[in-house]
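Taking it in order: structure first as structure tokens, then the write-up.
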Amino acid sequence: QFFVFCHGLLQLSQLLVSGYLKSSISTIERRYGLSSQTSGLLASFNEVGNTLLIVFVSYFGSRVHRPRLIGCGAILVSLAGFLMALPHFITGPYQYDQSVASTSSNTTDLCQPGAPGTWANLSAASCTPHASRENHEVLLVMFMAQALLGIGGVPIQPFGISYIDDFASERNSPLYLGILFSVTVIGPGVAFMLGSAMLRFYVDMDKAGTAEVQLTNKDPRWVGAWWLGFLVAASLVALSALPYFFFPREMPKEVGEVLHTHTHLGFPVVLLRNLRHPVYLLVVLAQVNISAMVAGLATFMGKFLERQFSLTASLANMIIGAVNIPGAMVGIVVGGAILKRFQMSLRQCSALCVLGMLLCLLGAFPLLFLGCPTQKVAGVTHWDSPGFGHHDMECNAHCHCPEKGFNPVCGSDGVEYTSPCSAGCRNVNIHTNNSVLNYTECSCIPGAGLARPGTCGTGCSHLFVPFVVLSCLAGILASTSHTPSFMLILRSIQPEDKSFAVGIQFMLLRVLAWMPGPVLYGSAIDTTCILWERRCDRRAACRYYNNTLFRHRW
């Protein structure tokens, strides 16, 4: 029972490391200028290391000291977690364009008619050879960490489960495995809550000169302390790893036991026998499709909520961790309960799966329409404000704005401008705490010529609650088919092939769903971008999406 406890704790902290990345993905994109395709590849890269090794592990399972190997895997996972946070410590502080000259740089992005020179150092400074090399280093470290995370995770689940199943009594084994399974479902929820907590802190809170940070966490330039969660999760993994070095290779069996004989057949023979089985093949194919969807959704759901409903990253993670993931858990339990209550046949199992999916489709269909178009952004989505012609936007032509400045302001006319300069604002009023109150004398904004800092937002807050309710409902309905689909697989194949069939199933899910899913979703999201940030002449993160297209393609 102590082993089960330790294993639950280890699985939870391992899931914290891999799940936490998904919760901070939009933040890491913004901090290091990544496209969603790149970040999607990063999020699924741990599956690469995992898949390469999983076959060997399942094969050598009985010949090794399992607890010690689990411990070694956990140490690797913990190392990977610390590596994920490393980029924060090897790169300089996060730089963003600002209107109030700070002590470190006296540049400002207000409209300064007389001086085309003040802008030069802003754009030039961000593009030294060092900066572009730094970016490659960051990506290299993160991809290495993800590969390591996958490799370290290999022994943890299969060895833990086989060890428990070998030494637990027949009566208790299902209970222990049920506990572990529920932990794996709760894990991602806890990871998103951790993300929600960490992203409220500013990214450079540990570095000098943060007293003068003028961003609030609602600002589109805000970057939260994404690295902090990795340190927390990695420390937890390291702690959970310790007891494994003290468990024996074998334990006395719990009482109440029937012995089993295991037959080992040739690898290719079993593989072909299973793949020829139509039920097995079709169910695995269905699971591949839904898993690819879930992998993509889990990775970018936070980003979707942030963009569609103008939420902070912290709140988006809170919603996913507290509403959507528990919803999916409820669905899994309900599906299992229906199975148990009505003792369903295989045909009824598949009918239940089909029903769950059809109802999910019905619930999810309105989600296509629950959202608003992108806010009006002058020169990006909107060209008909007064004085905004197509030839160099006359109203701010005298300002000599740099192309890359990004410090969005919302004009009193309800139009957003990418910087105070592009709105032609000459003056800024500041609060006592050094944050911006408003901008005045803006030549591009009709009427009072006022602008407030930050984005105008999508004006979609009234659709947010219906969206969350419907998406949660769709999730509950879809996940009712989880348990019956597993039953279809376990009952449609010969008993002695069971563990092998499940192994092949997970292998196919990894290669066909968990790996490509986030990359496909990321690429689809990238196609809806309308304004890219540029860093050193490379395309970096996306500034504005066409929200309607984003929603439909997603």
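The values are calculated or read from the model by the stated rules, or taken from the named source; none is laboratory data. None of the values given here were measured: they were computed from a predicted structure. Cβ atoms come from the backbone with ideal geometry, glycine included; neighbour counts cover every protein chain shown. Each accessible area value is taken on the protein alone, full model and side chains, heavy atoms only, with ligands, DNA and RNA left out. Shrake-Rupley method; radii C 1.70, N 1.55, O 1.52, S 1.80 Å.
Tabulated values for the structure
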quantity	calculated
Semi-axes of the equivalent ellipsoid for segment 411-520, Cα gyration tensor, largest first, Å	58, 17, 12
Set Lys303/Lys376; Lys22/Lys218; Lys376/Lys404; Lys22/Lys340; Lys218/Lys376; Lys303/Lys498 screened for pairs whose C-alpha atoms are more than 28 Å apart	Lys22/Lys340; Lys303/Lys498
For Cys401, residues with placed amide H under 5 Å, excluding near neighbours	none
Probe 1.4 Å, accessible area per residue of segment 375-490, Å²	43
DSSP-loop trypsin sites (Lys or Arg not before Pro) across segment 264-372, with at most 12 other Cβ within 10 angstrom	Arg276
In segment 216-249, trypsin sites (Lys or Arg not before Pro) in a DSSP loop with at most 10 other beta-carbon atoms within 10 Å	Arg249
Karplus (6.51, -1.76, 1.60) ³J(HN,Hα), θ = phi - 60°, over segment 305-311, in Hz, Gly and Pro reported as x	4, 4, 6, 6, 10, 6, 8
Computed E for Ser169/Leu470 - FRET, C-beta separation, R0 51 angstrom, nearest 0.05	0.70
Per-residue HN-Hα couplings for segment 86-97 [Karplus 6.51, -1.76, 1.60; θ = phi - 60°; Hz; x = Gly/Pro]	3, x, 4, 8, 9, 9, x, x, 5, 10, 9, 6
Segment 130-223 shape via C-alpha gyration tensor axes, a/c threshold 1.5	oblate
Rounded accessible area of Cys542 (nearest 10 Å², 1.4 Å probe)	10
Amide H contacts under 5 Å for Ala541, placed H, 5+ residues apart	Gly33, Leu34, Glu533
Calculated diffusion of the chain, Stokes-Einstein form, Kirkwood radius summed over Cα pairs, 37 °C and 0.692 mPa s, µm²/s	128
Stokes-Einstein D for segment 376-456, Kirkwood Rh over Cα pairs, 10 °C, 1.306 mPa s (µm²/s)	128
For Val377, distant residues with modelled amide H under 5 Å away	His382, Glu416
Extreme residue, positive dipole direction of the chain, given options Cys360, Leu531, Phe309 (C-beta unit charges)	Cys360
Cα pair count fraction exceeding 15 Å, expressed as % - segment 324-374	61
Phi-based couplings in Hz for segment 276-292 (Karplus 6.51, -1.76, 1.60; Gly and Pro marked x)	6, 7, x, 5, 4, 4, 5, 5, 4, 4, 5, 5, 4, 5, 5, 5, 4
Local net charge near Glu47, Cβ-Cβ under 14 Å (Lys/Arg +1, Asp/Glu -1)	+2
For segment 464-505, Kirkwood radius (reciprocal of mean inverse C-alpha pair distance, Å)	12.3
Cα pair count fraction exceeding 21 Å, expressed as % - segment 476-548	55
Mean residue ellipticity (222 nm) of the chain, computed from DSSP H runs ≥ 4 via -39,500 (n - 2.57), nearest 500	-18500 deg cm²/dmol
